[in-house]
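Written out below as structure tokens is the structure these notes cover.
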């Protein structure tokens with residue numbers, strides 16, 4: 001039995017989540033491939049890279065490799081930095097830095 005929920009904004013949220021790439025511990029070229037694929041095959045004109053903690057440097061490397069080597073007309077539209085509070089299993093809270101890098105590309109006519 002499947003349940004459908006219709007909440008306002010749910011469809012919009014899914015559309016923007018397609019453009020989000022969460023950066024982890026893989027090599028930067030894995031994420032470069034994901035960004036380039038999203039720009040070319042996905043038809044997106046905007047891709048967001050999200051990272052936390054130690055993976056922030058990988059996200060920055062990914063954005064720069066994309067801009068300089070693969071999608072030369074891509075621009076950095078926005079960079080958001082922040083801090084997220086995480087609670088571990090023991091109940092301790094720790095602050096972790098986070099970053100969102102928004103890359104845009106002009107659509108070709």
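Here, each number is a calculation from the coordinates, and none is a lab measurement. Treat the numbers as computed from the prediction; the structure is a model and nothing was measured. Cβ placement follows ideal geometry from the backbone for every residue including glycine, while neighbour counts extend to all protein chains displayed.
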**Message:** If I ask for residues that are more than 17 Å from residue 72 (Cα to Cα) and surrounded by fewer than 18 Cβ atoms within 10 Å (Cβ to Cβ), which ones from region 22-53 would you list?
**Reply:** 22, 24, 25, 26, 27, 30, 42, 50, 53
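Table: residues versus (1) touching a strand residue (DSSP E or B) at 6+ places or on another chain (Cβ under 6 Å); (2) within 19 Å of residue 18 (Cα to Cα); (3) assigned to a strand (DSSP E or B).
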| position | (1), (2), (3) |
| --- | --- |
| 55 | no, no, no |
| 60 | no, no, no |
| 64 | no, no, no |
| 77 | yes, yes, yes |
| 83 | yes, no, yes |
| 96 | yes, no, yes |
**Request:** Evaluate the following for residue 77: is it over 16 Å from residue 34 (Cα atoms) and surrounded by 13 or more Cβ atoms within 10 Å (Cβ to Cβ)?
**Result:** yes
**Asked** Filtering region 98-109 down to residues that are in contact with a strand residue (DSSP E or B) (Cβ under 8 Å, 6 or more places away or on another chain) and under 27 Å from residue 40 (Cβ atoms), which residue is surrounded by the fewest Cβ atoms within 10 Å (Cβ to Cβ)?
**Response** 100
